[in-house]
1. Confirm whether residue B:77 is surrounded by fewer than 21 Cβ atoms within 10 Å (Cβ to Cβ) and either over 26 Å from residue B:252 (Cα atoms) or under 16 Å from the mean Cα position of the chain (by Cα) (or both).
2. Only one of these conditions is not met by residue B:28: (1) at the interface with chain A (Cβ under 10 Å from one of its Cβ atoms); (2) modelled with pLDDT of 95 or more; (3) within 27 Å of residue B:284 (Cα to Cα). Which number is it?
3. Within the range A:104-139, can you find the residues that are among the β-branched types (Val, Ile, Thr) and buried (at least 24 other Cβ atoms within 10 Å of the Cβ)?
4. Test residue A:132 against the stated conditions and say whether it is at pLDDT 95 or above, of a type outside the set (Val, Ile, Thr), under 17 Å from the mean Cα position of the chain (by Cα) and farther than 23 Å from residue A:16 by Cα.
5. What number of residues in the range B:181-209 are more than 24 Å from the chain's Cα centre (by Cα) and in a loop (DSSP other than H, G, I, E, B)?
6. Take the residues in the range B:228-265 that are among the small types (Gly, Ala, Ser) and under 17 Å from residue B:164 (Cα atoms), then tell me which one is surrounded by the fewest Cβ atoms within 10 Å (Cβ to Cβ).
7. Being among the β-branched types (Val, Ile, Thr), in contact (Cβ under 8 Å) with a residue 60 or more places away in the chain and either surrounded by fewer than 17 Cβ atoms within 10 Å (Cβ to Cβ) or not assigned by TED's automatic domain parsing to the domain that holds residue A:109 (or both) narrows it down to one residue among A:50, A:8; which is it?
8. Would you list the strands (runs of 3 or more DSSP E) that sit entirely within the range A:1-107 and hold 1 or more residues that are at pLDDT 95 or above and within 13 Å of another protein chain (Cβ to nearest Cβ)?
Amino acid sequence: MTQGIYEILSNVKIARDVYEMVLSGDTSAITAPGQFLNIKIEGLYLRRPISICDWDGETITILYKVVGEGTEKMADMKAGGKLDILVGLGNGFDMTCSGDRPLLVGGGVGTPPMYGLCKRLVAMGKHPVVILGYASAEDVLYEEKFHEMGVEVRIATVDGTRGVKGFVTHAMDGLDYTYFYACGPIPMLRALSDASVTSGELSFEERMGCGFGACMGCSCKTKYGNKRICRDGPVLKKEEVIW
Amino acid sequence: MVNTKVNLCGIELDNPVIPASGTFGFGYEFAELYDINCLGTFSFKGTTLEPRFGNPTPRIAECPEGMLNAVGLQNPGVDAVISEELPKLAKCFHKPVMANVSGFSEYEYVTTCERIDAIDSVGWIEVNISCPNVHGGGMSFGTSAEAAGQITRAVRAVTKKPLIIKLSPNVTDIASIAKACEAEGADAVSLINTLMGMRIDLRRKKPIIANKTGGYSGPAIKPVAIRMVYQVYDAVKIPIVGMGGVSTAEDVLEMMLAGATAVEVGAANLVNPFASRDIIADLPRVMEKYGVQNLTDIIGGAH
C-alpha cells in the first residue's frame, strides 16, 4: 500500500449513474487485478473504497456508480483536480489458478475489476469467457472494450433489453470453463457459486473504516477463520465462503 | 531543541503520542508503513478472555467530521494475543506497549489482566470499562462510580503494572467515576471512549449500523473530550491520558493544556495511516510556535 496525491486526467459518465475516472500517479503498489483504492474526498471523513478497473505504469482507471454522498461528490470532480488516495489495497485475484479458459463474471459495478483481470489473462495467453450482468441495457459497461480484447462476451439483463433476459447464471448454458472469477452483488455471487462446476474466486464488498486492516470494521466469518474484507479480501475462494 | 518527553506512571515516553486501542491493531500493519518505534507507545486491540468475532456488519458509518463504529471488541482472545500477536509485535516494536483489556464480568477482567500481567513487554494495562458496542459488559461497568470502583479494585489486586482505567463519556458525571477509580488504586485514567450515536439510512429507512448504535469518534468529539479532560483534571491527582478527535500536533497541546499527561490518537489513524507519525514529526514545530520548551510544563496549563 502507498499513499499519494493523484491527478484526475478525466472523469466522464459512461452509463446510467456510472462514471469512468482516470488518475495519474504512482501505481507501483498495485500487484493484482481485484485490488482497490481508498479515496479521501473533501468534506467527508472516511475514505471511499473503489475497485481498480485497469492500470499501467502511470495511470489508474476506476469506474464508480453514484450511490451516495461520496460518489456524488466524485461525479462533480473535474480533470486537473487532485486526490489523496491509498493505492494497492486488498489481495486481488490469483491468476495462477485460471487454467486455459477461465470464466469471468461481473455484475453491475462488479464489472470493472473483471476488465483489468481479463486484460492480464489474455496477455498471459489464456482464453477467458466473460459474462456481464445488468438491470438494463443502459447499465452495460465496457462491452466494446471487452470485445476489443477478442474474448467471448455474453450479456444478461434483468429486463431483457440487451443479451439474455435474466441473470448471469442464465447466460452460462453450455459453457465450458476451467475456473471462475466474479465480482458483483451478493445474491449474484451466491447463485454463481452454487451453479459453478469448478473452483473459483469471488470479490466482496463491505462498509469499511480504514481499508487496510486496522479497524476490523469489515470482518466476515469464513471456513478458514475470521477475515477482513479489506485486507484478507476482498477476494475469497469459493471453498471458504460461508453464505 | 524542545523536549517532547513525558512520564506516564513512572515510564518515560519519547513523546506523548499513543495510537488508541482499536485503531492500530497489534501494530504490525502500521509497521509495514513506517517505523512505529517513533511512537510514545500504542494501546493494542481490546483484548478479552475468550475470542470474539464482534458485531454483525455493517459496523461503520460516516458522520460529520468523524465516524461511528460498532466493531464489538473483535479479538482473538487473550491467550492468542499472548502466543501469536505479541511475538509478531516484538519484531517491530521495542518499547513497552499498552495492553487494552475488556470484559463482560469481573472474573473476565481479572483473569485477562492476570495473564497480561505476566508479559514483560507490557508497560501499562488500560482497562476498558467504556465500550458502548457490546451488551452485558463494557460500558455498563463504566457508567456508575460504584461499578467502576469495583472493577478497578479487582484488577488492582492482580497487577503491579501501571493501571489505567478508560472512561466513558456517556455518563452524567465523569469526574465522580474518575475519583472512584483513583480511590481504588488506578494509576491513571484515560478518556474519552466514543460517544454513543446512531445514523439512519434514508434509502432503507433503518439504522446504517447492524448493531443500531455505534461509538462516535473523530474531530467532531474533540471539544467534548477537552471539556471532560479539563473536568477530570480538577477532580483527581492521578495522570490523565486524553483522547477524542486528536488529529494534529496542535490538538496534542490543547489536550495537554486541558490536563492530559499523554494523548491517544484514534480515528485519525484510520483515515490517514501515517497520522500518528506525522503528529509526532510536527510536534517540535508547533511547540516552538507556541513557546513551549518542555511539553511536561504545559500539562493542565489551562487551569
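1. yes
2. The failed condition is (2).
3. Once the filter is applied, which keeps residues that are among the β-branched types (Val, Ile, Thr) and buried (at least 24 other Cβ atoms within 10 Å of the Cβ), the range A:104-139 yields A:105, A:109, A:111, A:130, A:131.
4. no
5. Adding up the residues that qualify gives 5.
6. For the range B:228-265, the residue satisfying everything is B:235.
7. A:8
8. Once the strands (runs of 3 or more DSSP E) in the range A:1-107 are filtered for at least 1 residues that are at pLDDT 95 or above and within 13 Å of another protein chain (Cβ to nearest Cβ), what remains is A:2-15, A:36-40, A:48-51, A:82-89.
The values are calculated or read from the model by the stated rules, or taken from the named source; none is laboratory data. Quantities reported herein were computed from a predicted structural model and do not represent experimental measurements. Heads up, the Cβs are rebuilt from the backbone with ideal geometry, glycines too, and the neighbour counts pull from every protein chain shown.
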